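Have a look at the structure below, then the notes.
The values are calculated or read from the model by the stated rules, or taken from the named source; none is laboratory data. Quick caveat, the model's predicted, so the values are computed rather than measured. As a convention, Cβ positions derive from the backbone with ideal geometry for all residues, glycine included, and neighbour counts pool all protein chains shown. Side chains are part of the model used for accessible areas, which takes the heavy atoms of the whole protein and leaves out ligands, DNA and RNA. Shrake-Rupley method; radii C 1.70, N 1.55, O 1.52, S 1.80 Å.
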Amino acid sequence: MLFVDTTFIGIDLPSVRRPLTYAALDSDLNLVGLGHGSPDDVLAYVIGQRKAFVAVNSPRRASQGFMAQEAFRDGLRTRPKPGRWDRWRVAEYELRLRRIKVHRTPMQAEKAPGWIQIGFSIFNALEAAGFRQFVPPAEQGEVSGAGSTRVALETNPHAAFTALLKHLPFARTGLEGRIQRQLALYINGLNLPDPMQVFEEITRFRILNSELVLDDLLEPTQLDAAVAAYTAWSAAKGEFSTLGHPDEGQVVLPVRELLPHYD
């Protein structure tokens with residue numbers, strides 16, 4: 001079976017000046033790995049897994065120009081106005097259409113922000129190591145992940161949390177945003193500390209005496225890596241949705257259905 005001994009890994013790329021963050025889950029959604037490292041360190045950990053579904057919080061490749069093709073635009077659910085969105089990737093347009101703000105990936109890879117270029121290199125390294133691109137069942141005619149025990153897919157943490165919550169989340173760096181994101185993962189089965197326990201720490205005495213300890217609350221990059229790992233698990237299980245063109249890079253999200261827009 002696919003799930004036996006499979007590790008589900010999420011990789012987050014915050015910026016070129018900071019280390020990557022990774023989170024790893026087993027088939028029962030236990031957190032079996034959580035750490036930081038250079039791209040080489042994280043890739044060594046991932047490639048060292050015998051069976052792995054890996055989700056990366058980065059575009060797979062640059063825009064391929066589909067949004068500039070009139071025939072393609074005619075076939076979209078909502079056709080953009082002339083001259084609009086023609087340099088965006090399809091997935092990014094479809095996310096923005098749902099009011100989920102994401103970065104635009106340029107058509108020239110060398111003009112992409114540094115963290116996106118690192119994402120390109122990670123996908124290339126995973127492909128070279130034998131990780132195949134995730135293909136939804138409707139496109140491959142069989143169950144998700146069949147035929148390969150090493151799969152890589154693209155996701156977006158802001159979009160993933162939005163889909164899980166069914167509305168736009170609080171800011172990721174604030175206390176309320178961290179609690180909200182960890183709670184979303186907790187109620188979906190991840191074996192993480194209950195973030196609501198943080199309120200037992202918040203007392204008048206502790207705040208006045210600077211004794212507030214939030215060790216059980218994950219950091220923003222850790223939460224982004226964890227939701228990517230959960231997305232990898234959901235994709236392998238068949239509980240997912242995709243946006244975008246497969247030849248350009250599809251964003252995988254950990255819910256079966258997406259809303260028309262999120263407020």
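Observations on the model:
- Residue ranges of helices (runs of 4 or more DSSP H) in region 164-263 with at least 3 members in contact with a Lys or Arg (Cβ under 8 Å, 6 or more places away or on another chain) and closer than 29 Å to P19 by Cα: 220-237
- Filter result for T6 (under 19 Å from A159 (Cα atoms) and among the polar types (S, T, N, Q)): no
- Contact map, region 218-245: residues that are more than 11 Å from T155 (Cβ to Cβ) paired with residues that are of a type in the set (F, W, Y) and surrounded by 24 or more Cβ atoms within 10 Å (Cβ to Cβ), Cβ distance under 6 Å, separation 6+ or inter-chain. Pairs shown: W233/F8; A236/F53.
- The residues of region 59-88 that are on the phi > 0 side of the Ramachandran plot and either within 26 Å of the chain's Cα centre (by Cα) or in contact (Cβ under 8 Å) with a residue 12 or more places away in the chain (or both), listed by number, are G65, W85.
- Pick from region 161-187, criterion open to solvent by less than 60 Å² (accessible area, probe 1.4 Å) and in contact (Cβ under 8 Å) with a residue 60 or more places away in the chain, ranking: farthest from L259 (Cα to Cα): F161
- When residues in region 95-120 are screened for being open to solvent by 60 Å² or more (accessible area, probe 1.4 Å) and not hydrophobic (A, V, I, L, M, F, W, C), 9 of them pass.
- Restricting attention to region 14-28, the residues that are open to solvent by 10 Å² or more (accessible area, probe 1.4 Å) and not basic (K, R) total 8.
- Listed here are the helices (runs of 4 or more DSSP H) enclosed by region 1-108 that have at least 3 residues being at pLDDT 95 or above: 39-47, 90-97.
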